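This report refers to the structure that appears directly beneath it.
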Amino acid sequence: MACAFRWIVLFAGLIVPTAAATATDKPRALACDIGPVKRTFGNTEWLVLSCSDRRTVIIYSMPDNPASPYYFMAFPQGRDGVRLQGQGIGDKKGSRPALKELRALSAKDISALVKETRGVARQSRSMP
């Protein structure tokens, strides 16, 4: 009986990861190259690009920004929440004030940034 139990546990251990892997779709790669628009957050300049999912923005530090190199990624989450992530190795004195300001953005604010970046992309395509 103990031998049979070991085989069941071993078999279950092999099936569960496979079932979990097939139960979810593979995440789609985002292309975040729409825009950019220049914005000021925390008294420093940043470039905002939107992504192919039409809901996500990437906020890159400008080269002369003390936070550089640094970026934030923001997208709507929940009813009117925003998921905000950031990463970089620049001076925190440049990224912290921007983070404070970005945390105040609503999902509507993110949507407005997406719309603005898409408008810039349309204008640049229509120029000769």
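The values are calculated or read from the model by the stated rules, or taken from the named source; none is laboratory data. As the structure is a computational prediction, the values presented were derived from the model and not from experiment. Note that we place each Cβ from the backbone using ideal geometry, even for glycine, and neighbour counts take in every protein chain shown.
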Fill in the blank from the handout: When the range 81-96 is checked residue by residue, the ones that are of a type outside the set (Lys, Arg) and more than 12 Å from Ser61 (Cα to Cα) are Gly81, Val82, Leu84, Gln85
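Is it the case, given these coordinates, that Lys115 is modelled with pLDDT of 95 or more and loosely packed, with under 14 Cβ neighbours inside 10 Å? Talk me through it step by step, then tell me what you get.
Values: modelled with pLDDT of 95 or more: yes; loosely packed, with under 14 Cβ neighbours inside 10 Å: yes.
Taking the combined requirement at face value, the residue satisfies it.
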